[in-house]
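The structure appears right after this line, and notes come after that.
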Amino acid sequence: MEPKKDYYEVLEVPRDADAKTIKRAFLKKARTLHPDVNKAPDAEERFKEVNEAYAVLSDDQKRANYDRYGDPNGPGGFGSDYVDVSDIFGGGGFGFGDIFDSFFGGAGRAGAQARTRGRDMGIRLTVTLEEAASGCKKTVAYTRLAPCEDCGGTGAAEGGKMHTCERCHGTGRVVEVQRTIFGQMQTQATCPVCHGQGQVIDHPCETCEGQGRTPSREKVEVQVPAGVHSGQTLTVPGKGEAGVRGDSSGDLVVSIEVADSDRFERRGDDLFCTVQVDALQAIVGTTVTIDGIMEGERVTVEVPAGCQFGQQVVVERKGMPRMGMIARGNLVAVVQVETPRDLTKKQLLDVAAIVAERSLDDGPTGDRGEKDEKDAGPEAEGFSAAAENAAEHFAKERWHAPRNPFRSRK
């Protein structure tokens, strides 16, 4: 396998280069390698290589990890509050290459500059169910067209000025006359000189080629509110694509996706979970304490006497917070009844005696308590023998049976 190239060598910058030097080197290489201007067989691959190098070296955290460990992700990743986003979906489907298409197209494609306001951009941000419950702040890193640092977003180099386009006289459109077999035909087209803007700069900025914006790695903090649902969006004003030559920027639209939890199932603002109790606890009732959705929260579930398998026990106001409100949904605990496998011989005999008594109390008419124990005869002895066998069986098996960590003890 071919060794990975050094990112500094790819951009041809020293290891101590500052952010501005790295950006200029990147733009210079990207212009020469972009598929629109370079038809070499390996141009696209080299263009991706340059993009990758810039994505790492333009990010302070990734660059620090790369310098120290040789890996942008470092030994343990970035942490839960840092998200590197490559899924740009706003404005008709942006990707990293689409941002460059917009940049290069804006400099030289007819009609591309008729629109000068920056487009909205979008990202998808995934949070855990616990983060959605308590709310969280995420630092999101993404690539966008940002105002050019060298010209301040004006598009003009030092001393450069804006003038009305002489070709279209400021209209942004030119009339072309063509002769055909049917006579002369007039058509309107975007001005090839000013690209539809109606103005030109006599000395454009070399970094942004007069656009006033360049591809840039950006970071923005996103405040995710408590109780947010999947599919809801948050808007960060002015953090979308920058406008041309100082025009207004678009917005960054953050679409939230709440990941599934291995402890809870969310249904609206209610949370469903399972609790395990043994059959004896289900008969007499018990109390089970579990971890809630909020950090450090302990929730008490009161399992009623005679509880059946699958029965739902509702704990009010222990579910998800309702977005923008103090109220919370409910926690619904679904009871799972298990047969205990660690009863002692004496406990088994006691249970067998209860079973025998209940069986003997069921007379022919279904009335309990009409038979006397002395009439049990060999039937009661049979239950005792069965209890003895069960006790011996469980005594052998109890040390091998997995214990239930959720079974409450009194």
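How many residues does segment 180-211 contain that are in contact (Cβ under 8 Å) with a residue 12 or more places away in the chain and part of a strand (DSSP E or B)?
Qualifying residue count, segment 180-211: 8.
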Practice prompt. Test residue 64 against the stated conditions and say whether it is part of a helix (DSSP H, G or I), surrounded by 14 or more Cβ atoms within 10 Å (Cβ to Cβ), at pLDDT 85 or above and of a type in the set (A, V, I, L, M, F, W, C).
Written response: no
Would it be correct to say that residue 301 is buried (at least 17 other Cβ atoms within 10 Å of the Cβ) and farther than 30 Å from residue 222 by Cα?
yes
Subset of segment 210-260, residues surrounded by 18 or more Cβ atoms within 10 Å (Cβ to Cβ) and hydroxyl-bearing (Ser, Thr, Tyr), comes to 214, 216, 249
Scanning segment 1-58 for residues that are among the β-branched types (Val, Ile, Thr) and in a loop (DSSP other than H, G, I, E, B), the one modelled with the lowest pLDDT turns out to be 37
Counting only residues that are touching a strand residue (DSSP E or B) at 6+ places or on another chain (Cβ under 9 Å) and in contact (Cβ under 8 Å) with a residue 40 or more places away in the chain, segment 281-307 contains a total of 9
Within segment 13-53, of all residues that are charged (D, E, K, R) and touching a helix residue (DSSP H, G or I) at 6+ places or on another chain (Cβ under 6 Å), the one surrounded by the fewest Cβ atoms within 10 Å (Cβ to Cβ) is 15
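If you go through segment 116-136 one residue at a time, do you hit one that is assigned by TED's automatic domain parsing to the domain that holds residue 233, part of a loop (DSSP other than H, G, I, E, B) and in contact with a Ser or Thr (Cβ under 6 Å, 6 or more places away or on another chain)? Break it down stepwise before answering.
Initially, segment 116-136 is screened for residues assigned by TED's automatic domain parsing to the domain that holds residue 233, giving 116-136.
With the extra rule that they be part of a loop (DSSP other than H, G, I, E, B), the set shrinks to 116-120, 128, 135.
If we keep only those that are in contact with a Ser or Thr (Cβ under 6 Å, 6 or more places away or on another chain) too, we end up with 117-118.
Yes: segment 116-136 contains one or more residues that are assigned by TED's automatic domain parsing to the domain that holds residue 233, part of a loop (DSSP other than H, G, I, E, B) and in contact with a Ser or Thr (Cβ under 6 Å, 6 or more places away or on another chain).
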**Prompt:** Yes or no: residue 169 part of a loop (DSSP other than H, G, I, E, B) and more than 43 Å from the chain's Cα centre (by Cα)?
**Reply:** yes
Residue hits (segment 176-209; acidic (Asp, Glu) and either in the same structural domain as residue 23 (by TED's automatic domain parsing) or surrounded by 13 or more Cβ atoms within 10 Å (Cβ to Cβ) (or both)) are 206, 209
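The values are calculated or read from the model by the stated rules, or taken from the named source; none is laboratory data. Values in this document were obtained by computation on a predicted structure and should not be read as measured data. All Cβ positions, glycine included, derive from the backbone under ideal geometry; neighbour counts span all protein chains shown.
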